[in-house]
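Just below is one structure, and these are the notes that go with it.
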C-alpha cells in the first residue's frame with residue numbers, strides 16, 4: 001500500500017484495536033512524520049544562516065512571486081495526492097449541500113473574521129504583523145490540506161472539490177476581502193486602516209500554477225492509467241510507488257521555505273512568538289469548530305475531517321507571495337506569512353492525530 005493508503009488502514013485499525021495497533025501499520029515515513037517535519041524546519045533554518053548567498057540563489061528564478069525550487073516542491077507535493085482522487089465520484093460531493101454550504105460559510109465568512117479578531121486582540125500595537133495575519137486568514141488552503149486530509153483518513157474526493165471551490169473564490173474574492181478587512185472594517189470600528197493593492201493576475205497565476213497544473217496532471221494520470229491497465233492495477237500497483245513523493249515534496253518545500261527566512265526567524269524570536277500565538281489559537285479553534293459542525297450535521301467522520309482541515313488550513317504560499325509583492329521581502333507582513341507554516345505544519349500534523357483520536361470517540365465507525 002502507498003504511504004497514505006497505509007495511513008488509512010492504520011486509522012481503521014485504531015478504531016478497532018487501539019492506537020498502538022494503528023502505529024504498527026504505519027510506514028516509518030508516516031509514523032515519524034512530525035520528526036521529519038521538525039528536522040526539515042531545522043535544516044532550513046540552518047541552511048539559511050550558514051550558507052552565504054543561499055537566499056539569492058533560491059530566489060534567482062521565480063514562478064510568479066515564488067522561488068522556482070519552492071514551486072517545484074509544491075508541484076511534487078500536490079501531484080501524487082491529486083492522482084489518487086476518484087474524479088468520477090465528485091458528483092456525490094456536489095450533491096451534498098450541507099457540506100458545501102458549511103464549507104463556504106466557514107472558509108469565507110467565519111475564518112477570515114476570526115483571524116481579523118485574533119490579529120487585533122493579540123498584536124494591536126504591531127500593524128505590519130497584524131496586516132500579515134489578516135492576509136494569511138484570507139488565503140484559504142489549496143495545497144497542503146490534501147495531505148493532512150489524506151493522513152487523517154478524510155474524504156479525498158470531497159477535499160478535491162472543496163479545494164477547487166476555494167480556488168475559484170480565492171481568485172474572485174481575495175482582493176475584495178483584503179480591501180474590506182484592511183480598510184473598510186477597521187474604519188467602521190474606529191481602528192487604524194492599511195492601504196494595500198492586491199494583484200488579481202498574481203493571485204490567478206498562483207492558483208493556476210500550484211493547483212491547476214497538478215490537478216490536470218492527476219486527472220490525466222488516473223484517467224489514462226485506469227483506461228490502460230484498470231483500477232486494480234492503478235490503485236494496487238501504481239499509486240503505492242507514487243504516493244510517498246507527496247511527503248518528499250512536502251519536506252523539500254518546508255526546508256526551502258525556512259532557508260529563505262532563516263535569518264529573520266532566528267534574529268527576531270519574540271516577534272515570531274507574538275505572531276505564532278494567534279495562529280495557534282486560530283488552527284485549534286477553527287479545526288475544532290469544523291469537526292463539531294460536521295458531527296452536528298451528521299456528515300460522518302470522513303467529511304467532517306475534510307470540512308475541518310479545509311477550514312483550518314491556509315494557503316501560506318499565496319499569503320507569502322501577496323505580502324512580498326505588496327509590502328516587500330523584508331517587511332513585517334512577509335515575516336507573518338513565513339511564520340504561518342512554522343506554526344501550521346506542526347499544528348496540523350498534531351490535529352491529524354487529534355482527528356484519528358476523535359474518530360473512535362465522537363463518530364460511529
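Points worth noting:
- Here residue 164 clears all of (1) closer than 29 Å to residue 301 by Cβ; (2) out of contact with any strand residue (DSSP E or B) (no Cβ under 8 Å at 6 or more places or on another chain); (3) crowded, with 24+ Cβ neighbours inside 10 Å except the condition numbered (3).
- Residue 224 modelled with pLDDT of 85 or more and buried (at least 17 other Cβ atoms within 10 Å of the Cβ): no
- Breaking point among (1) closer than 25 Å to residue 116 by Cα; (2) modelled with pLDDT under 85; (3) crowded, with 17+ Cβ neighbours inside 10 Å, for residue 268: (3)
- Filter result (without any contact (Cβ under 8 Å) to a residue 40 or more places away in the chain and touching a helix residue (DSSP H, G or I) at 6+ places or on another chain (Cβ under 8 Å)) within the range 159-173: 171
- Residue 254 meets each of the listed conditions (1) part of a helix (DSSP H, G or I); (2) modelled with pLDDT of 90 or more apart from (2).
- Selection of the range 51-76 for residues being more than 30 Å from residue 156 (Cα to Cα), assigned to a helix (DSSP H, G or I) and touching a residue at least 60 places away in the same chain (Cβ under 8 Å) yields 54, 55, 58.
- Filtered residue count, the range 35-50, keeping only those that are farther than 21 Å from residue 248 by Cβ and touching a residue at least 24 places away in the same chain (Cβ under 8 Å): 1
- Elements of type helices (runs of 4 or more DSSP H) in the range 300-365, at least 3 residues being in contact (Cβ under 8 Å) with a residue 24 or more places away in the chain and surrounded by fewer than 24 Cβ atoms within 10 Å (Cβ to Cβ): 316-327, 332-362
- Residue in the range 186-198 that is surrounded by 21 or more Cβ atoms within 10 Å (Cβ to Cβ), outside any helix (DSSP H, G or I) and either in contact with a helix residue (DSSP H, G or I) (Cβ under 9 Å, 6 or more places away or on another chain) or at pLDDT below 90 (or both) present: no
- Odd one out for residue 236 among (1) more than 26 Å from the chain's Cα centre (by Cα); (2) surrounded by 16 or more Cβ atoms within 10 Å (Cβ to Cβ): (2)
- Qualifying residue in the range 276-288 (condition: in a helix (DSSP H, G or I) and over 21 Å from residue 135 (Cα atoms)): yes
The values are calculated or read from the model by the stated rules, or taken from the named source; none is laboratory data. Since the model is a prediction, treat every value here as computed from it, not as a measurement. Cβ sites come from the backbone with ideal geometry, for glycine too, and all protein chains shown count toward neighbours.
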